Amino acid sequence: MASILFEVKEQIAFITLNRPEKLNSFNREMALLLQSHLDECAANSNIRCVFITGAGKGFCAGQDLAEVTDPNGPGFNVILSEHYNPIVKRIAALQKPVVAAVNGVAAGAGANLALCCDVVVATASASFIQAFSKIGLIPDTGGTYVLPRLIGHQKASALMMLGDKVPAAEAERMGMIYKYFEDTAFQNGALQIAQTLAQMPTTALAYIKKALQLSQSHTNLHEQLQNEDKLQQRAAQTDDYTEGVNAFLEKRQPKFKGQ
Ligand code: LHQ
């Protein structure tokens, strides 16, 4: 079985991390495969939403720790530069929404992979663990950038140092994730979000993502107003904008094509 399953249905790319016996922890093969599937998502204009989830009871337990200690493994020095950093950069650059559907525990790089996605939902029994400090490491995979911006410096600092397990409901409450669903409602709830996003004006969603990224980097209100102006001008040139306004005026549901 491939360590990642990939399927495109209804304009959604379903990416399933698939090493369930190891809680979908990443080895090199899986990290490189995820990168190539993300490339496919970028290249295929039929894909309008990406949905990342895990097979089995976990979402992802981060780096496969057996691989790090394997003398024939990739070597500690390339794990960030060749595995995780390219994944985070691809997700950030993808001009379509990426949903993380966290079906179980998300630890270490697995937690931060989820948190770098555009919409993060989780099942009630899932949890998020900044597990790094427990093995003498620091959070990576973008965690030190994303987490303090989501939940504030103090919470991020404490969670990263203590390595606490944060249940999905608490993660929602503190703003770490968008929403959690009861376990029985999770699959449908997460899928519905992806289906909705896949039918929305994809280019406008990409510009929202871009505007938020610009806002997160060093900027002031004046610069960000200019960023919004530029991106808004581009959004207004899309067919979906014309369709959205016409549909409103004609009192009908819009049919967006993603262009
Ligand atoms: C695993 C793993 C795992 C291998 C569960 N590896 N087998 C960057 C720079 C360079 C190097 C290092 O890494 C990084 C990035 C990182 O991600 S560092 C952080 C790495 N991850 C962790 O430290 C988390 C380790 N896992 C855990 O603490 C627990 O497994 C959690 C809390 C995630 C889940 O606990 P349980 O639900 O009790 O499951 P379990 O521990 O029984 O795991 C189930 C199986 O999965 C088990 O195998 P076994 O053969 O005994 O049934 C585990 O050994 C295996 N597994 N995580 N990361």
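Quick note: the coordinates plus some simple rules give every number you see, no bench work behind them. As the structure is a computational prediction, the values presented were derived from the model and not from experiment. Every residue, glycine as well, gets a Cβ built from its backbone with ideal geometry; the counts of neighbours run over all protein chains shown.
Taking amide H as placed 1.01 Å from N in the peptide plane, residue 54 has its amide H under 5 Å from the amide H of 17, 103, each at least 5 places away in sequence or on another chain. Sorting 1, 174, 161, 200 from the fewest to the most surrounding beta carbons within 10 angstrom yields 1, 161, 174, 200. Peptide packing for 248-259, 93-104 was compared via the average number of neighbouring C-beta atoms within 10 Å per residue; ordered from the highest value, the list is 93-104, 248-259.
Using the number of other C-beta atoms within 10 angstrom as an exposure proxy, rank 78, 68 with the fewest first.
Exposure proxy ranking, most exposed first: 78, 68.
Potential lengthening of the chain between residue 21 and residue 233 amounts to 71.4 nm, from the contour at 0.36 nm per residue minus the alpha-carbon distance.
Once the mean of 1/r is taken over each pair of separate Cα atoms and inverted, region 126-259 shows a Kirkwood hydrodynamic radius of 17.9 Å.
For the chain, what's the relative contact order in percent, using C-alpha pairs closer than 8 Å and at least 6 residues apart?
On the way: 473 pairs, mean separation 41.3, N = 259.
Computed over the chain, the figure is 16 percent.
Remark: region 168-173, residue by residue, has Karplus-estimated 3J(HN,Hα) of 3, 4, 6, 4, 5, 4 Hz, where x stands for each Gly or Pro and the curve is 6.51 cos²θ - 1.76 cosθ + 1.60 at θ = phi - 60°.
When 64, 229 are arranged by Cβ crowding within 10 Å, least crowded first, meaning fewest neighbours, the order is 229, 64.
Computed over region 75-217, relative contact order equals 27 percent, with contacts defined as Cα pairs under 8 Å that lie 6+ residues apart.
Under a 5 Å amide H cut-off, with hydrogens placed 1.01 Å from N, residue 13 pairs with 48, 49, 50, 51 among residues at least 5 apart or on other chains. Taking only alpha carbon atoms, region 15-71 gives an Rg to Rh ratio of 1.05, where Rh is the Kirkwood radius.
Using a Förster distance of 41 Å, how high is the FRET efficiency between residue 243 and residue 65, based on the Cβ-Cβ distance and rounded to 0.05?
Values: r = 50 Å, r/R0 = 1.21.
Rounded to the nearest 0.05, the efficiency is 0.25.
On the principal axes of its alpha carbon atoms, region 101-164 extends 27, 23, 18 Å, with the longest extent given first. Beta bridges per DSSP, both residues in the chain: antiparallel share near 30 percent.
Using a Gaussian network for the chain with springs between C-alpha atoms less than 10 Å apart, which of these wobbles most: 32, 147, 221? In this elastic network of the chain, the residue with the biggest mean-square fluctuation among 32, 147, 221 is 221.
If each residue of separation counts as 0.36 nm, what is the full-extension length gain between residue 174 and residue 187 once their alpha-carbon separation is subtracted?
On the way: separation 13, 0.36 × 13 = 4.68 nm, distance 2.25 nm.
Between residue 174 and residue 187, full extension yields 2.4 nm more.
Converting phi to 3J(HN,Hα) with the Karplus coefficients 6.51, -1.76 and 1.60 and the offset θ = phi - 60°, region 21-31 yields 5, 10, 6, 6, 5, 7, 10, 4, 4, 5, 5 Hz in sequence order, with x at every glycine or proline.
For the chain, the convex hull spanned by the alpha carbon atoms encloses 138 Å³ per residue.
Give me the tail of P(r) for region 143-187 as a percent: Cα-Cα pairs with distance above 16 Å.
Working: 388 of 990 pairs.
The share of Cα pairs beyond 16 Å in region 143-187 comes to 39 percent.
Quick one, can you get me the convex hull of the C-alpha atoms of region 41-115 expressed as volume per residue in Å³? Provide the component values of the computation, followed by the final result.
Numbers: hull volume 8.1 nm³, N = 75.
Each residue corresponds to 108 Å³ of Cα convex hull volume.
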